[in-house]
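Right, one structure below, let's go through it.
The values are calculated or read from the model by the stated rules, or taken from the named source; none is laboratory data. Just so you know, these numbers come straight off a predicted model, no measurement behind them. Backbone-built Cβ (ideal geometry, glycine too); neighbour counts: all protein chains shown. Keep in mind that these areas ignore ligands, DNA and RNA; they rest on the heavy atoms of the full protein, side chains included. Shrake-Rupley method; radii C 1.70, N 1.55, O 1.52, S 1.80 Å.
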Amino acid sequence: MDYKFSEIEGKWQQFWAQNGTFKAENSYNKPKYYVLDMFPYPSGAGLHVGHPLGYIASDIFARYKRLTGFNVLHPMGYDSFGLPAEQYAIQTGQHPAITTTNNINRYREQLDRIGFSFDWSREIKTSDPSYYRWTQWIFQQLFNSWYNTAIQKAEPIENLIAIFSQQGNASVKAACAETPEFTALQWNELPAKEQQKILLNYRIAYLADSWVNWCPALGTVLANDEVKDGYSERGGHPVEQKLMKQWSLRIAAYADRLLASLNDLDWTDPIKEMQRNWIGKSEGAAIQFSLVDHAKKIEVFSTRPDTIFGATFLVLAPEHELVNQITKADYKDAVAAYQKSAAIKSERDRMSDVKTITGQFTGAYVHHPFLDVQIPVWIGDYVLASYGTGAVMAVPAHDARDYAFAKHFNLNIIEVVAGGDISIASYDAKEGLLLNSDFLNGLTVKEAVKKVIAAIEAAEIGKGKINFRLRDAIFGRQRYWGEPIPVYYQDDIPYLIEQKDLPLTLPSIDKFIPTEDGEPPLARAHDWKYKNEFAYETTTMPGWAGSSWYYLRYMDSQNEQVFANPAALKYWNQVDLYIGGSEHATGHLLYARFFCKFLFDLGYLTFDEPFKKLINQGMIQGRSNFVYRVNGTNQYVSFDLKEQYQTTALHADVNCVENDILNIPKFKASFPEFANAEFILSAGKYYCGFEVEKMSKSKYNVVNPDDIIQRYGADTLRMYEMFLGPLEQSKPWNTNGIEGVHKFLRKFWKLFHNDQFDFQVADAPASKQENKALHKLIKKVQEDIERFSFNTSVSSFMICVNELQDLKCNNKSVLQDLVILLSPYAPHISEELWALLGNSAGSLSTTKFPVYNPEFLVEDEFSYPISINGKTKINLAISLQLNQQSVIDLVLANAEVQKYLEGKIPKKVIFVKGKIINLVV
RNA sequence: GCCUGGGUGGUGGAACUGGUAGACACGCAGGACUUAAAAUCCUGUGACCCUUAUCGGUCGUGCGGGUUCGAUUCCCGCCCCAGGUACCA
């Protein structure tokens, strides 16, 4: 039989599904291995060829682990809450649940065709009430906990209440909002409502004022992505920064632990580095500056308190709460105007635009803490309200942004650390001796930091402080398509709904947009009241709520009593291998770590890091094709001739192009605009240009895996995706090379068949060369899988099959081992051949991986490259048995080497056994 | 702007710890088989120079410098591209 991939693939996919081949065993005595993919958001566009890249890699690994004796958990599900479904609902009125179900069904169909070894019996959907019930349950635990910084651990809020009623809050060390001190007696006499208000300052899930992008015209909060240059992407309405009460989580309390335990994770250094920078631990001091003619003080945070004598002005964020109180009458209008202009800029715009320097003097002054001088107070949008205290002491001589600000507004610059030339630029390095600094003069930066902090603390104007860039996470969203927050309000105080009332399901509403008063969509729900009486919270949870703990649910996905039973949690434990994109480096991965630590603190987990090993697959970009329209005509000129004309480049659908040559009839049919197109050809062909861009519908560069599978089969798709390049690297999709991989599978198939395509293998013992080819491959494939270098193992398969073909090998034992080696990569063809070889169907996935025998690979000679001054001249085959001196003697005696030496005697001979010989003359 | 990664033939990439740059494929060119096509197989294929052809030589891993017997690999400076930048997922 010829290689009929679609028959074979359909047959085995059905077999696996019917026999539950990849169901993880529930016996907890076998060694386990947990391989997880970042689950997809089911978008309306379906899967494109970029999505399966990571899934194929993890599938190869999961299948490999099964072959090496592990009980493998390899589940899949959907992150199915999200904005696109909601926006589609706003446009069309269709309920997001319907859209989502349709999309999930389509995803499932597409995934099934690729032949993954997922355990579908554990499938989860974050938008399913049976799942989000537990997301809500976790929120309740967060609400019912406080963070005890004395022991660096979350604890039940009852513990805190007990402490309050016995000793007040003076001794409590907690991550909390600023709370006045009270005694036990005062606490016990407080009305319940007041007690609840105070507790809200301590809860890990709490309400707080946060800055958001507010669009008055749409009556909604927008993501930074939805804001372009101060206007909403949808509708182009103005957007401003607004303070809003929002649910938040105290992730910042975990900053130190999130930082510390990074060290023990088997993640790549870049990802760890990104998280470290994101958490952004910096040591410095909080310093208070007292205002001239005003009782208030301005607190700044500085990582360079040593430069305090160089501070020549303060800069507050335009939103800083003191700005309006301290601004002098003459400056009110200018300050208000500046605040307004800053309010329309997003935080990202403010950070990236460093070239335009803007700011405004407030008319106010503060006293320098150690000098008898007054320094002016400015506002400037390079200072962010959300970092530190929202105020900086500007030391222009030693900070680049302060320097630019001072130059622009002609403010004083005082050098206090020697080493730079402050007439040209600021000197930011932390090296050099202090000058112009009173009691710090002559000290190094390090010494000065210590001494000045001591002085600040002695004068009671501040203290040494560790500051984190990581902010608490805003947890409320003004959206419909997310988990309802399981909270109701009584007397303006939030309370949890009872656990027995979970899940709190999404109410049905007429429209998915905010109400006319700018309330979130859930406020549209009629008669939606807790116990028919109390108003529910109307914001929903963010997209990352469900994805922060889903890996736990897979361990016991059907459980209705608990989020997962303790025995399952203990056995499956951490995810051993997690594969997904690096775009989640600081979002999802940080939140999931936070949830894990929190659940660990409460005793639900026995581990406090979710993902032991992490691999980031690169992004598959699109490869767009272009045609070139001669301006003002409907003529299109071939890429290589386009310089002779004035042209406009237009996207051509990549499905009308093969190897950059345009299929003209297909192209004409692709768009009415092109129906009457004329072409200026080059040698009878129309060559298209190309460019690498994001894969998207609008760029006509989306390649659908279904099309590839139909044409070449899933095994070809799987191997080609791996062959494309290193897993971690981003690369453009290009279908051009796929023939090579397909040809390889046909050749592989042919090894088992005679010229008439009858299955035929021989029982004879393997020859030396056959064994060599096989064992070279076993070694290579094993090494490659373990270092996730799948592209190179595909090459090795090709090399091996080419060798066996040359050897006319049809030896059964060699070929059977080859089938096992290939099975993680191309499971369908392997199952088929495995069965043809006489093995019982389906047993391939749990058979044993072949063992490498080094004896077959022993070499006794090596062809040394002989180079002179580092340039290779000739190759000489020399025995590997000889010692260094004999090899060198042999080389120097060689006539050809002598020719190159031209009678000169080498000054030095470099000999690296089995690698190279270099003669230096 | 800041953080992180990347840049090697016409194309995707290989070279794992500093040791023969371009494995394996695609494409292209030429050939075999065929009435023809498809499929399959064989040969060549980084650029330039020399040569009738061989033989041979020079250059070459984004750009400019450095370390080394030897650099795609290590160090310094720059350019370009991609991802993230806290309410996209």
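Relative to one another, the C-alpha centroids of the stretch A:525-563 and the stretch A:579-636 are positioned 24 Å apart. Scaling the Cα radius of gyration of the stretch A:623-707 by the globular reference 2.2 N^0.38 Å produces a ratio of 1.03. Share of pairwise Cα-Cα distances greater than 21 Å in the stretch A:58-181 is 64 percent (whole percent). Ranked from largest, the principal axis spans of the Cα set of chain A equal 98, 84, 72 Å.
Coordinate range of the alpha-carbon atoms in the stretch A:314-466 per principal axis, descending: 44, 34, 29 Å. If a paramagnetic tag sat 7 Å from the Cα of residue A:900 along the Cα-Cβ line, which residues of the stretch A:850-882 would have the backbone N under 15 Å from that point? Inside the label zone: A:863-878. What whole-number distance in Å separates the alpha-carbon centres of the stretch A:766-809 and the stretch A:81-105? What the calculation gives is 47 Å, centre to centre.
Report the charge-dipole magnitude of the stretch A:623-707 in Debye, nearest 20, computed about the Cα centre from +1 at each Lys and Arg Cβ and -1 at each Asp and Glu Cβ. Before the final figure, lay out the partial values.
Values: 9 positive and 11 negative charges, 28 e Å.
In total the dipole reaches around 140 debye.
Could you tell me the relative contact order of the stretch A:859-920? Use alpha-carbon pairs under 8 Å, at least six residues apart, and round to a whole percent. With pairs under 8 Å counted, the relative contact order is 39 percent.
What dipole magnitude, in Debye to the nearest 20, does chain A give about its Cα centre under +1 on Lys/Arg Cβ and -1 on Asp/Glu Cβ? Before the final figure, lay out the partial values.
Details: 94 positive and 107 negative charges, 336 e Å.
The calculated dipole for chain A is roughly 1620 debye.
Within the stretch A:214-282, the ratio Rg/Rh, alpha carbon atoms throughout and Rh by Kirkwood, equals 1.18. Here's the picture: charge each Lys and Arg Cβ at +1 and each Asp and Glu Cβ at -1 in chain A, and of A:21, A:386, A:285 the one pushed furthest to the positive end of that dipole is A:21. Helix A:445-458 axis versus longest C-alpha principal axis of chain A: approximately 30°, rounded to the nearest ten.
Legend: residue pairs A:297/A:446; A:780/A:873; A:30/A:848; A:281/A:612; A:779/A:848, Cα-Cα distance threshold 18 Å; pairs beyond threshold, A:297/A:446; A:780/A:873; A:281/A:612. Peptides A:129-135, A:869-875 ordered by packing proxy, namely the average of other Cβ atoms within 10 Å per residue, highest first: A:129-135, A:869-875.
For residue A:464, the shell of other residues with beta-carbons less than 15 Å away shows a net charge of +1, using +1 for Lys and Arg and -1 for Asp and Glu. Taken per residue, the accessible surface of chain A reaches 45 Å², heavy atoms only and a 1.4 Å probe.
Quick note on the stretch A:736-815: its Rg to Rh ratio, both from C-alpha atoms and Rh being the Kirkwood radius, is 0.99.
For residue A:228, the lysines whose Cα falls under 22 Å of its own Cα, not counting residues fewer than eight places away in the same chain, are A:242, A:340, A:345, A:355, A:694, A:697, A:699.
Rolling a 1.4 angstrom probe over chain A with all protein chains present gives an accessible area of which 50% lies on carbon and sulfur atoms. Seen against the Cα atoms of chain A and their longest principal axis, helix A:269-279 is set at about 10 degrees. Against chain A, whose longest principal axis is taken from its Cα atoms, helix A:884-893 shows a tilt of about 60°. Reducing the stretch A:432-451 and the stretch A:850-921 to their Cα centroids gives an inter-centroid distance of 60 Å.
A Cβ-based charge dipole, computed about the Cα centre of the stretch A:784-831 with Lys and Arg at +1 and Asp and Glu at -1, lands at about 80 debye.
So what is the 222 nm mean residue ellipticity for chain A from helices alone, if each DSSP H run of at least 4 adds -39500 (n - 2.57) and you divide by all residues, rounding to the nearest 500 deg cm²/dmol? It would help to have the intermediate numbers written out before the result.
Numbers: 29 runs with 304 residues, N = 921.
Rounded to the nearest 500, the figure is -10000 deg cm²/dmol.
What's the FRET efficiency of residue A:862 with residue A:560 using the Cβ-Cβ distance as r and R₀ = 56 Å, to the nearest 0.05? Efficiency at R0 = 56 Å is approximately 0.30.
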